[in-house]
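Asks: There's a structure below that I have some questions on.
The values are calculated or read from the model by the stated rules, or taken from the named source; none is laboratory data. Quantities reported herein were computed from a predicted structural model and do not represent experimental measurements. Note that each Cβ is placed from the backbone with ideal geometry, even for glycine, and that neighbours are counted across all protein chains shown. Heavy atoms of the whole protein, side chains included, go into the accessibility calculation; ligands, DNA and RNA do not. Shrake-Rupley method; radii C 1.70, N 1.55, O 1.52, S 1.80 Å.
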Amino acid sequence: MNWYKQLHVWIILGLVFGLGYGILSAAMGWGAFTQAWISPFGDIFLNALFMIAVPLVLGSIITGVASLSDTRKLARIGGKTILIYVSTTIAALIIGLLLVNIIRPGDTVPEEVRMDLQEGYSDMAEERQESAASAQERGPLQAFVDMVPRNIAAAASNNRNMLQVVMIAVLFGIALLLVPKEKAQPMLGFFESLTAVVIKIVEIIMWIAPLGVFALLADTVSLISGDNLSELWSLLGALGFYMLVVLAGLLVHVAVTYGSILKFLTPMSLKKFIMGIAPAQLVAFSTSSSGATLPVTMDRVENNLGVSEEVSSFVLPLGATINMDGTALYQAVAAVFIAQTLGIALGFMDQLEIILLALLASIGTAAVPSAGIIMLIIILQSVGVPAAGIALILGVDRILDMCRTVCNITGDATVATLVASSEGQLGEVSETPAPIGFVATPDASSEEHPE
């Protein structure tokens with residue numbers, strides 16, 4: 001296949017040109033022009049992905065659950081999925097804490113740099129603390145209360161309520177299993193049609209993905225640096241060790257944890273997995289949102305990796321809601337880094353508390369950009385570190401948010417592949433990635449992966 005027909009190639013070009021334009025914009029003082037004429041294209045792309053996330057989750061989960069033979073199969077797949085998600089999150093937290101304690105990036109930040117960062121980002125830190133204060137008032141069982149919406153329409157109108165949407169869809173799917181087939185068929189047919197239409201919309205939206213990621217990356221660089229490129233370099237230099245620890249942790253987790261799962265627990269080759277999921281990873285990098293990337297992730301996992309719709313429609317929306325390995329690892333590293341920078345010693349029990357809180361926070365964190373920073377404040381307060389310390393890391397949070405989102409959706413795809421393999425629902429597809437704007441057609445002989 002010609003290289004210019006492959007989606008991930010065009011998205012990579014969009015990222016490269018977006019980075020180059022963002023640096024040029026900062027150097028030439030084009031910030032106002034970038035915000036007015038470039039950033040809107042990124043917003044359009046992001047809004048389009050968010051627009052179809054809820055109908056895709058509703059349609060795919062309802063049809064997926066209703067297609068199961070009985071509720072026992074649903075319970076088996078659901079229990080297996082949650083257990084794997086929790087296990088990989090704990091692994092991510094341990095990796096992050098080991099690296100930050102061994103490398104100790106907080107010890108490398110000079111006193112004057114620490115003071116400048118705290119002063120420069122104090123206003124932003126106060127805003128995040130106010131958001132965290134309201135979140136901290138929640139009771140220990142509030143997460144379970146939040147899962148059940150009072151109003152279905154209200155829940156479906158906000159992408160931050162994705163866990164509620166998943167709950168609604170699972171209930172509808174179970175109910176369709178329990179009612180007589182002749183009564184269930186009309187509604188099931190509607191949601192099957194809805195899912196097919198939304199998937200086709202995903203294909204259409206992906207035509208503008210290269211332009212969208214170009215605009216999003218250009219906007220990110222422009223916002224961080226403003227109209228002064230030296231600010232970007234000085235910020236990256238001051239927090240370089242911290243960023244390297246987070247990035248190293250994410251890389252180790254993806255390579256070792258996810259790589260081991262794929263190599264030893266599934267028949268999927270690492271090359272096939274990476275080539276198949278690459279477009280979703282690139283979209284995740286540019287959008288910094290697991291929720292916005294969900295339609296692309298589902299499309300690639302089903303059509304490029306051969307995961308059955310029955311598995312992907314349940315595992316992936318659930319993962320976009322509760323599986324935040326990258327976010328959890330970042331929160332652990334950031335909490336210890338801030339403590340090190342401020343000269344606060346965290347003992348074994350403190351770091352054990354970080355693991356527990358970050359694990360719980362990863363389940364409740366919204367799948368939207370920078371949501372993890374709010375949960376980080378709660379973690380800091382719980383271990384006796386001043387929440388105002390987040391000002392130290394806010395300047396580079398967006399960059400790390402992009403990287404940890406890639407880790408999150410890679411984990412979702414890995415777990416979906418593992419669950420499908422364990423259920424005998426991992427079909428064979430072409431080793432060649434789908435061309436831009438189109439979806440690869442599965443092998444017609446695979447009954448586990450119907451079109």
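Asks: Quick check on the stretch 215-301: take the gyration tensor over C-alpha atoms, sort the square-rooted eigenvalues as a ≥ b ≥ c, and tell me if it's rounded (a/c under 1.5), prolate or oblate.
Replies: oblate
Asks: A further question follows. Pop out the ³J(HN,Hα) list for the stretch 87-94 in order, Karplus 6.51 cos²θ - 1.76 cosθ + 1.60 with θ = phi - 60°, rounded to Hz; leave Gly and Pro as x.
Replies: Those phi angles translate into 5, 5, 5, 4, 4, 5, 5, 5 Hz.
Asks: Now for a separate question. What pairs from Lys80/Lys271; Lys73/Lys271; Lys80/Lys200; Lys200/Lys263; Lys80/Lys183 go past 28 Å between their alpha carbons?
Replies: Over 28 Å Cα-Cα: Lys73/Lys271; Lys80/Lys200; Lys200/Lys263; Lys80/Lys183.
Asks: Put a dot 7 Å past each Cα toward the Cβ at Ile12 and Ser422; how far apart are the dots in nm?
Replies: If labels sit at Ser422 and Ile12, their model points lie 3.3 nm apart.
Asks: Specify the angular offset, from 0 to 90 degrees and rounded to the nearest 10, of the alpha carbon long axis of helix 111-120 from the longest principal axis of the alpha carbons in the chain.
Replies: Its long axis makes an angle of about 60 degrees.
Asks: Using the Karplus curve 6.51 cos²θ - 1.76 cosθ + 1.60 with θ = phi - 60°, what ³J(HN,Hα) values do you get for each residue of the stretch 237-253, in whole Hz, with x for Gly and Pro?
Replies: x, 5, 10, x, 5, 4, 5, 4, 5, 4, 5, 5, x, 5, 5, 4, 5
Asks: Return the calculated 222 nm mean residue ellipticity for the chain, to the nearest 500 deg cm²/dmol, obtained by summing -39500 (n - 2.57) across DSSP H runs with n ≥ 4 and dividing by the residue count.
Replies: -24000 deg cm²/dmol
Asks: In terms of modelled amide H atoms, which long-range or inter-chain residues lie less than 5 Å from the amide H of Met268?
Replies: Correct list: empty.
Asks: Continuing with the same structure: As a test of reading the structure, rank His253, His8 by solvent-accessible area (1.4 Å probe, protein chains only), most first.
Replies: Per-residue accessible area, sorted high to low, gives His8, His253.
Asks: Oh, and also: Given axes a ≥ b ≥ c from the Cα gyration tensor, I'd like to know whether the chain is rounded (a/c under 1.5), prolate (a/b larger than b/c) or oblate.
Replies: Prolate.
Asks: Can you give the relative contact order of the chain as a percent, counting alpha carbon pairs under 8 Å and 6+ residues apart?
Replies: Reported as a whole number, the value is 31 percent.
Asks: Tell me, what ³J(HN,Hα) does each residue in the stretch 273-282 have, in order and in whole Hz, if you take phi through Karplus 6.51 cos²θ - 1.76 cosθ + 1.60 with θ = phi - 60° and put x for Gly and Pro?
Replies: Calculated HN-Hα couplings, in order: 5, 5, 5, x, 9, 3, x, 5, 5, 5 Hz.
Asks: Another question about this same structure. List the residues, sorted by chain then number, that are 5 or more residues from Gln6 or on another chain and whose placed amide H is less than 5 Å from its amide H.
Replies: Amide H to amide H, under 5 Å and 5 or more residues apart or across chains, Gln6 pairs with Ile436.
Asks: Quote to one decimal, in nm, the extra length available between Ala175 and Asp146 on full extension: 0.36 nm per residue of separation minus the C-alpha distance between them.
Replies: Using 0.36 nm per residue and subtracting the Cα-Cα distance, I get 8.3 nm.
Asks: Given +1 on the Cβ of Lys and Arg, -1 on the Cβ of Asp and Glu, and no further charges, what dipole in debye does the chain carry about its Cα centre, rounded to the nearest 20?
Replies: The calculated dipole for the chain is roughly 800 debye.
Asks: Tell me the accessible surface of Asp116 in square angstrom (1.4 angstrom probe, heavy atoms of protein chains only), to the nearest ten.
Replies: 100 Å²
Asks: Also, I was wondering about something else. Give the residues of the stretch 36-62 whose amide nitrogen is closer than 20 Å to a point set 7 Å from the Cα of Leu19 in the direction of its Cβ.
Replies: Counting only backbone N, you get 39, 42.
Asks: Which order do you get for Arg76, Arg398, Arg150, Arg404 if you rank them by accessible area with a 1.4 Å probe, largest at the top?
Replies: The ordering from most to least exposed comes out as Arg150, Arg76, Arg398, Arg404.
Asks: Listed highest first by mean packing, meaning other Cβ atoms within 10 Å per residue, what order do 60-67, 49-56, 254-261, 104-111 come in?
Replies: Put in order of decreasing packing, that is 60-67, 49-56, 254-261, 104-111.
Asks: Let me ask something else about it. Stretched out fully, how many nm does the piece from Glu111 to Ala248 gain, at 0.36 nm a residue minus the Cα gap?
Replies: Using 0.36 nm per residue and subtracting the Cα-Cα distance, I get 46.8 nm.
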